[in-house]
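Contents: one structure, followed by commentary.
The values are calculated or read from the model by the stated rules, or taken from the named source; none is laboratory data. Just so you know, these numbers come straight off a predicted model, no measurement behind them. So basically every Cβ, Gly included, is an ideal-geometry build from the backbone, and we count neighbours across all protein chains shown.
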Amino acid sequence: MAIKIILLLTTLFVLSCSCANTKKSHTIAKISEASGICFDKISKNLFVVGDEGYLYKLDTTGNILQSKHLGDYDFEGIACDPKNNRLLLAVEGKDNILIVNPKHFRIQKEVNIKRSFHHEKLLVKDKKHGLEGITIHDKDIYLSNQSKHRYPHKDPSVIIKVNDLRSLKTTIKERIDPRRIDISGLDYHEGFLYMVSDTLDKVFRFNMTTHKIDKSAKLPKFAQEGITFDDQDNIYFANDKGSVLKYKREEIGI
């Protein structure tokens, strides 16, 4: 009987360690308050931002290649724009886009987004909510306004589109209503707009033709603040609890 109990406890210990190692294996880097991530198709590297104004460059195995504190900013998202040799960083609170050189991490410009669209205010100055996710496709830049309220609430969870960063101010060209709350990360990939919701612990695929979500998947429990795909069918997440996670696409099921 004693031998059976020992064997049972040993089995449970091995299974427990195996589960812990499985979870741990998805963490490729430790980054304080990681809040946004993007994959650069040219350099094949990842760029990550944190809540306290830091910008990082990583390889796809998680090695930190470069880092810099850019100033007193609350970064909540980042988009790689290799076509124009720049990074676009979403600044919460100000609801601005910071344009940064990807090689030297030098700030080039800060662009303010007009808060209204067709006389309707979409971006409300709020300490709890604001711009969170950002991604780019061709000239179109998509940003999510993180909120726990659906449109048409006065502080709505919507996605906005801008496409002109030539001057210091830009206007909203389109409003997209995903009918989901707390959209904290965005990535445009293979013709679809992918979004994560920290509150719902889900990733959604938004069809740009039908303007509807056509697929979703439940995520493991962590603070989902950013999402990006590489060119090898891997998905990366910025985890606000202090890490970057990497999964194979089939593991997520989206």
Hits in segment 121-157 (condition: buried (at least 17 other Cβ atoms within 10 Å of the Cβ), closer than 18 Å to His211 by Cβ and modelled with pLDDT under 85): none
Among residues of segment 201-247, those that are part of a strand (DSSP E or B), more than 18 Å from Leu58 (Cα to Cα) and basic (Lys, Arg), counted: 5
Identity of the residue in segment 159-207, free of Cβ contacts under 8 Å to residues at least 40 places away in the same chain and small (Gly, Ala, Ser), that ends up nearest to Asn84 (Cα to Cα): Gly191
Of all residues making up segment 29-42, the number that are closer than 16 Å to Leu88 by Cα and either touching a His at 6+ places or on another chain (Cβ under 7 Å) or not hydrophobic (A, V, I, L, M, F, W, C) (or both): 4
Residues that are surrounded by 15 or more Cβ atoms within 10 Å (Cβ to Cβ) and either part of a loop (DSSP other than H, G, I, E, B) or among the acidic types (Asp, Glu) (or both), drawn from segment 164-177: Leu165, Ile172
Residue among Ser243, Ser216 that alone is at pLDDT 95 or above and surrounded by fewer than 18 Cβ atoms within 10 Å (Cβ to Cβ): Ser216
Hey, Gly71 part of a loop (DSSP other than H, G, I, E, B) and more than 19 Å from the chain's Cα centre (by Cα) or not: yes
